[in-house]
1. Being in contact with a helix residue (DSSP H, G or I) (Cβ under 9 Å, 6 or more places away or on another chain), under 30 Å from residue 397 (Cα atoms) and either surrounded by 20 or more Cβ atoms within 10 Å (Cβ to Cβ) or free of Cβ contacts under 8 Å to residues at least 40 places away in the same chain (or both), is that true of even one residue in the range 265-272?
2. Can you say whether residue 335 is away from ligand 1 (no atom under 14 Å from the Cβ), surrounded by fewer than 18 Cβ atoms within 10 Å (Cβ to Cβ) and either at pLDDT 95 or above or under 30 Å from residue 485 (Cβ atoms) (or both), as far as the supplied structure shows?
3. Scan the range 140-157 and give yes if some residue there is in contact with a strand residue (DSSP E or B) (Cβ under 7 Å, 6 or more places away or on another chain) and farther than 30 Å from residue 114 by Cα, otherwise no.
4. Residue under question is residue 413, and the condition is that it be farther than 24 Å from residue 245 by Cα, within 26 Å of the chain's Cα centre (by Cα) and touching a residue at least 12 places away in the same chain (Cβ under 8 Å); does it hold?
5. Can you name the residue in the range 338-352 that is outside any loop (DSSP other than H, G, I, E, B) and out of contact with any strand residue (DSSP E or B) (no Cβ under 7 Å at 6 or more places or on another chain) and, of all such residues, is surrounded by the fewest Cβ atoms within 10 Å (Cβ to Cβ)?
6. Got a number for residues in the range 82-106 being touching a strand residue (DSSP E or B) at 6+ places or on another chain (Cβ under 6 Å) and more than 16 Å from ligand 1 (Cβ to nearest atom)?
7. Would you be able to tell me the number of residues in the range 359-401 that are part of a loop (DSSP other than H, G, I, E, B) and more than 16 Å from ligand 3 (Cβ to nearest atom)?
8. Within the range 16-59, can you find the residues that are loosely packed, with under 15 Cβ neighbours inside 10 Å and under 30 Å from residue 140 (Cα atoms)?
Ligand code: SAH
Ligand code: SF4
Ligand code: F3S
């Protein structure tokens, strides 16, 4: 027997915690933040300039939300936040591993930072997020990028202050990776990207194990937050001026099933709607297998829930859907689309599609094109299948040759844009409400607003309109966006106030 190899770090087993322990953990993290405030001031004096931190986020809305929390902590302890990596004294990468190219981008950036660190020895580099939950990634970092200061995963972003403190107290790479957790540490600082809209996690993790997908392995088991904690957070956000809420989860339609007192996603939505000040509600992502009639009904009655549904298809072939472990057929999916469109005629549908899943034949691919045409998506995120080590699909033998995949991918894009072009423009001439989000970067006389159905509209306006909702006439469609003009309040809105 060979001697057991000693690893310099260990993945910690699942962490369990009671509500009281979670509360105490928040208090503990604030203590670290207090201590760090003094330390950061000292470091600033040494450096002779204010310390800046840059947080780079890859991947989905979950990561974006986690980054807001980490930016909140960094800001609290005294860092100035900068979007420019080259100005930063602390660089944090919040990584994604859903496809191989996401990983490659991170390694590419790290190669670049290696040089920067030579010129700027006090520069600190931290890595966190989904990629870090993979053992082989940690090994690569230890071997090739040993200059990295802190490495942590998806389950302990709330510990950033503590980890930073540990790093400043030692001269070694700090690695803290947990296998899973049911710990939900609430009420830490958080810095929102926009003052008027915010993402709110309603659940973490995923239990679906679609056979191509790595998310359940790196984000752990599905856990729903308590409805009272969600409503508390939404209420605080509303009091702080937030008008639009995006409820976040890998599969929001299965929200609440595992709570001690189970609650459906539709009932949660109904509760969120009641929070005064919240004018728009969005959510992401909906798995078709769990989208209930109750949800369709709540949506159709609501004038706050936005007219947009992201409903990932992945493939239109029932045969492949089964191997993908998606638990619906092509017919189930199309029937669902019909039901949704009947109940909510002004809904905009978008989707995710994977091309080149192992064993995909031309016939399977044709089924996908068929669904794209029938479902009439406004737009679709299309992905080339990427083999993720550890998932069942990675072990499948019949991987599709690259040139075949590329050809199908191009044909899919063509059909998606044809279908999108047919649909877009359907609301030209109507008056709809738009939440004004920003000044147009190319023309400062214009502002950009988002319609309930998620389309963008550019109109003449001023920065003081940002964060407010206005009726806008959609004058002209330019493909994926409209040009519009502020409408008279009395003109009446098309589409039931949306
Ligand atoms: N929870 C969401 C999706 C999260 S991942 C859902 O189930 O809908 C976002 C998208 O990435 C997926 O919808 C899928 O289309 C794509 N994706 C996931 N794993 C992939 C892989 N191995 N290769 C290519 N695309 C993948
Ligand atoms: Fe991945 Fe499927 Fe979970 Fe979405 S539902 S995160 S695709 S395993
Ligand atoms: Fe990527 Fe993790 Fe999201 S793998 S897609 S950032 S859950």
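1. First, the residues of the range 265-272 that are in contact with a helix residue (DSSP H, G or I) (Cβ under 9 Å, 6 or more places away or on another chain): 265-272.
Adding the requirement that they be under 30 Å from residue 397 (Cα atoms) leaves none.
There is no residue in the range 265-272 that is in contact with a helix residue (DSSP H, G or I) (Cβ under 9 Å, 6 or more places away or on another chain), under 30 Å from residue 397 (Cα atoms) and either surrounded by 20 or more Cβ atoms within 10 Å (Cβ to Cβ) or free of Cβ contacts under 8 Å to residues at least 40 places away in the same chain (or both).
2. Numbers: away from ligand 1 (no atom under 14 Å from the Cβ): yes; surrounded by fewer than 18 Cβ atoms within 10 Å (Cβ to Cβ): yes; either at pLDDT 95 or above or under 30 Å from residue 485 (Cβ atoms) (or both): yes.
Judged against the criteria, residue 335 is a match.
3. No, because not a single residue in the range 140-157 is in contact with a strand residue (DSSP E or B) (Cβ under 7 Å, 6 or more places away or on another chain) and farther than 30 Å from residue 114 by Cα.
4. Details: farther than 24 Å from residue 245 by Cα: yes; within 26 Å of the chain's Cα centre (by Cα): yes; touching a residue at least 12 places away in the same chain (Cβ under 8 Å): yes.
Judged against the criteria, residue 413 is a match.
5. First, the residues of the range 338-352 that are outside any loop (DSSP other than H, G, I, E, B): 338-343, 348-352.
After this cut, where a residue has to be out of contact with any strand residue (DSSP E or B) (no Cβ under 7 Å at 6 or more places or on another chain) as well, the list is 338-339, 341-343.
On the way: 338: 12, 339: 13, 341: 14, 342: 10, 343: 14.
If we take residues in the range 338-352 being outside any loop (DSSP other than H, G, I, E, B) and out of contact with any strand residue (DSSP E or B) (no Cβ under 7 Å at 6 or more places or on another chain), then 342 is surrounded by the fewest Cβ atoms within 10 Å (Cβ to Cβ).
6. First pass over the range 82-106, keeping only residues touching a strand residue (DSSP E or B) at 6+ places or on another chain (Cβ under 6 Å): 82, 85, 87-95, 106.
Now narrow it down to the ones that are more than 16 Å from ligand 1 (Cβ to nearest atom): 82, 85, 87-93, 106.
Summing the residues that are touching a strand residue (DSSP E or B) at 6+ places or on another chain (Cβ under 6 Å) and more than 16 Å from ligand 1 (Cβ to nearest atom) in the range 82-106 gives 10.
7. Keep residues of the range 359-401 that are part of a loop (DSSP other than H, G, I, E, B), which gives 359-361, 376-378, 385-391, 396-401.
From the residues that got through so far, the ones that are more than 16 Å from ligand 3 (Cβ to nearest atom) too are 359-361, 376-378, 396-401.
So the answer is 12.
8. The one that is loosely packed, with under 15 Cβ neighbours inside 10 Å and under 30 Å from residue 140 (Cα atoms): 16.
The values are calculated or read from the model by the stated rules, or taken from the named source; none is laboratory data. Quantities reported herein were computed from a predicted structural model and do not represent experimental measurements. Positions of Cβ are generated from backbone atoms using ideal geometry, with glycine treated the same way; all protein chains shown enter the neighbour counts.
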